[in-house]
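The values are calculated or read from the model by the stated rules, or taken from the named source; none is laboratory data. The shown structure was predicted, so the numbers you read here are calculated from the model rather than taken from an experiment. Cβ placement follows ideal geometry from the backbone for every residue including glycine, while neighbour counts extend to all protein chains displayed.
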């Protein structure tokens, strides 16, 4: 182990340079284009366990525009016009978008929620590039929590926590959303 004396300005410059290089190494280790389920497998298994849906798989960017909106196929009707086939009610969708395009994914989630009011949505996004998508995330989620880096469900090499949000189906009568219901407020995830 080497020790550096900080008595001269030159040694302070060396320590500062080493610190900056270490920080750059950490920053370049983070891949902004990877979906969070590819970055950490344990979190995906954990979500499948507590949601009690073992076949739950993250939506791909192509599925954000079709399957997430409740369309699972379709065919021509008697007039030859293609009519979509909708999924069964009370289905769940897992959204794990890359942080760089999370704003586009969350916009599609908000559209899908209004199209299919009887579906659940689970969102898992690493807390990176949040100024781009934080407002949409807060708007979409009925409740959310933060899983710190270094926990057993989100590895420490991710450096930032994982934001996990739950979007519940709309109610058939007032209140339409459970977002600020006393029951959810009593959960107090802090």
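List of remarks:
- Scanning region 145-165 for residues that are crowded, with 16+ Cβ neighbours inside 10 Å and not in a loop (DSSP other than H, G, I, E, B) turns up 147, 154, 158, 162, 163, 164, 165.
- All positions within region 119-143 that are over 10 Å from the mean Cα position of the chain (by Cα) and part of a loop (DSSP other than H, G, I, E, B): 119, 128, 129, 141, 142
- Test: residue in region 171-179 that is within 19 Å of residue 58 (Cα to Cα), touching a helix residue (DSSP H, G or I) at 6+ places or on another chain (Cβ under 9 Å) and either modelled with pLDDT of 85 or more or assigned by TED's automatic domain parsing to the domain that holds residue 100 (or both): no
- Test: residue 43 is surrounded by 18 or more Cβ atoms within 10 Å (Cβ to Cβ), outside any strand (DSSP E or B), at negative phi and at pLDDT below 90: yes
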